[in-house]
Amino acid sequence: MKRWWPLLALVLLLAGLQAKLWWGDGGWSAAHDLRQKVTQQRVENEKLNQRNNALSAEVEDLKSGEAAVEERARSELGMIKPGETFYRVVEPRSQTDVPAENLSVEPAQ
(Lines give C-alpha, C1' and ligand atoms only; values in the text may rest on other atoms or scores of the structure.)
Protein backbone atom coordinates (compact mmCIF):
# COMPACT_ATOMS: atom_id res chain seq x y z
CA MET A 1 0.00 0.00 0.00
CA LYS A 2 2.88 2.39 0.63
CA ARG A 3 4.05 2.07 -2.98
CA TRP A 4 0.78 3.37 -4.43
CA TRP A 5 0.49 6.36 -2.15
CA PRO A 6 2.77 8.73 -4.16
CA LEU A 7 1.11 7.71 -7.43
CA LEU A 8 -2.36 8.33 -5.96
CA ALA A 9 -1.25 11.74 -4.66
CA LEU A 10 0.09 12.69 -8.11
CA VAL A 11 -3.12 11.56 -9.83
CA LEU A 12 -5.24 13.62 -7.40
CA LEU A 13 -2.97 16.62 -7.90
CA LEU A 14 -3.25 16.27 -11.66
CA ALA A 15 -7.06 15.94 -11.42
CA GLY A 16 -7.23 19.07 -9.26
CA LEU A 17 -5.11 21.07 -11.68
CA GLN A 18 -7.14 19.87 -14.65
CA ALA A 19 -10.41 20.79 -12.93
CA LYS A 20 -9.05 24.27 -12.26
CA LEU A 21 -7.91 24.56 -15.88
CA TRP A 22 -11.28 23.55 -17.32
CA TRP A 23 -13.77 25.05 -14.86
CA GLY A 24 -11.90 27.49 -12.60
CA ASP A 25 -11.48 31.26 -12.87
CA GLY A 26 -9.29 32.04 -15.85
CA GLY A 27 -9.80 28.57 -17.29
CA TRP A 28 -10.68 27.49 -20.80
CA SER A 29 -14.31 28.59 -20.61
CA ALA A 30 -13.35 32.07 -19.39
CA ALA A 31 -10.77 32.35 -22.17
CA HIS A 32 -13.37 31.30 -24.74
CA ASP A 33 -15.81 33.92 -23.44
CA LEU A 34 -13.12 36.60 -23.64
CA ARG A 35 -12.32 35.63 -27.24
CA GLN A 36 -16.00 36.03 -28.15
CA LYS A 37 -16.17 39.44 -26.48
CA VAL A 38 -13.02 40.58 -28.28
CA THR A 39 -14.48 39.47 -31.62
CA GLN A 40 -17.74 41.32 -30.95
CA GLN A 41 -15.84 44.44 -29.89
CA ARG A 42 -13.73 44.35 -33.07
CA VAL A 43 -16.89 44.17 -35.20
CA GLU A 44 -18.41 47.10 -33.32
CA ASN A 45 -15.14 49.07 -33.61
CA GLU A 46 -15.08 48.50 -37.37
CA LYS A 47 -18.64 49.82 -37.71
CA LEU A 48 -17.75 52.89 -35.64
CA ASN A 49 -14.59 53.47 -37.70
CA GLN A 50 -16.64 53.40 -40.90
CA ARG A 51 -19.10 55.88 -39.39
CA ASN A 52 -16.25 58.13 -38.27
CA ASN A 53 -14.69 58.02 -41.74
CA ALA A 54 -18.00 58.96 -43.34
CA LEU A 55 -18.46 61.85 -40.91
CA SER A 56 -14.89 63.02 -41.49
CA ALA A 57 -15.44 63.00 -45.25
CA GLU A 58 -18.64 64.99 -44.80
CA VAL A 59 -16.85 67.54 -42.61
CA GLU A 60 -14.11 67.91 -45.22
CA ASP A 61 -16.73 68.41 -47.92
CA LEU A 62 -18.43 71.09 -45.87
CA LYS A 63 -15.13 72.83 -45.10
CA SER A 64 -13.76 72.73 -48.62
CA GLY A 65 -16.66 73.60 -50.84
CA GLU A 66 -19.52 75.98 -50.95
CA ALA A 67 -21.43 73.58 -53.19
CA ALA A 68 -21.84 71.04 -50.40
CA VAL A 69 -23.17 73.67 -48.01
CA GLU A 70 -25.53 75.00 -50.68
CA GLU A 71 -26.82 71.52 -51.51
CA ARG A 72 -27.45 70.79 -47.86
CA ALA A 73 -29.23 74.11 -47.32
CA ARG A 74 -31.47 73.44 -50.32
CA SER A 75 -32.33 69.85 -49.45
CA GLU A 76 -32.63 70.03 -45.67
CA LEU A 77 -33.71 73.62 -45.06
CA GLY A 78 -35.59 74.38 -48.29
CA MET A 79 -33.55 77.53 -48.94
CA ILE A 80 -33.31 79.25 -52.32
CA LYS A 81 -30.93 81.85 -53.72
CA PRO A 82 -31.99 85.48 -54.12
CA GLY A 83 -33.65 85.98 -57.50
CA GLU A 84 -34.61 82.32 -57.90
CA THR A 85 -38.20 81.19 -58.19
CA PHE A 86 -39.17 78.06 -56.33
CA TYR A 87 -41.71 75.85 -58.09
CA ARG A 88 -43.69 73.18 -56.32
CA VAL A 89 -45.25 70.44 -58.44
CA VAL A 90 -48.65 69.50 -57.08
CA GLU A 91 -49.82 66.02 -58.02
CA PRO A 92 -53.25 64.52 -57.35
CA ARG A 93 -53.61 61.86 -54.70
CA SER A 94 -53.87 59.11 -57.30
CA GLN A 95 -52.94 59.22 -60.94
CA THR A 96 -56.35 57.82 -62.04
CA ASP A 97 -58.31 60.75 -60.52
CA VAL A 98 -57.03 63.49 -62.84
CA PRO A 99 -55.80 63.22 -66.45
CA ALA A 100 -52.13 64.11 -67.05
CA GLU A 101 -53.00 67.33 -68.97
CA ASN A 102 -54.69 68.73 -65.85
CA LEU A 103 -51.56 68.54 -63.68
CA SER A 104 -50.43 71.99 -62.64
CA VAL A 105 -47.16 73.58 -61.64
CA GLU A 106 -47.52 76.48 -59.22
CA PRO A 107 -44.85 78.94 -58.14
CA ALA A 108 -44.53 79.04 -54.35
CA GLN A 109 -44.86 82.37 -52.61
- Subset of the stretch 17-71 [more than 30 Å from LYS81 (Cα to Cα) and of a type in the set (S, T, N, Q)]: GLN18, SER29, GLN36, THR39, GLN40, GLN41, ASN45, ASN49, GLN50, ASN52, ASN53
- Query: Which ones in the stretch 59-103 are surrounded by 10 or more Cβ atoms within 10 Å (Cβ to Cβ) and either modelled with pLDDT under 60 or in contact with a Cys (Cβ under 7 Å, 6 or more places away or on another chain) (or both)?
  - Reply: GLN95, VAL98, LEU103
- Message: Quick check on my filter: what residues within the stretch 1-30 are loosely packed, with under 10 Cβ neighbours inside 10 Å and not charged (D, E, K, R)?
- Response: MET1, TRP4, TRP5, PRO6, LEU7
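The values are calculated or read from the model by the stated rules, or taken from the named source; none is laboratory data. Everything numeric here is computed off the predicted structure, so don't read it as measured data. Here Cβ is always computed from backbone atoms with ideal geometry, including for glycine, and neighbour counts include all displayed protein chains.
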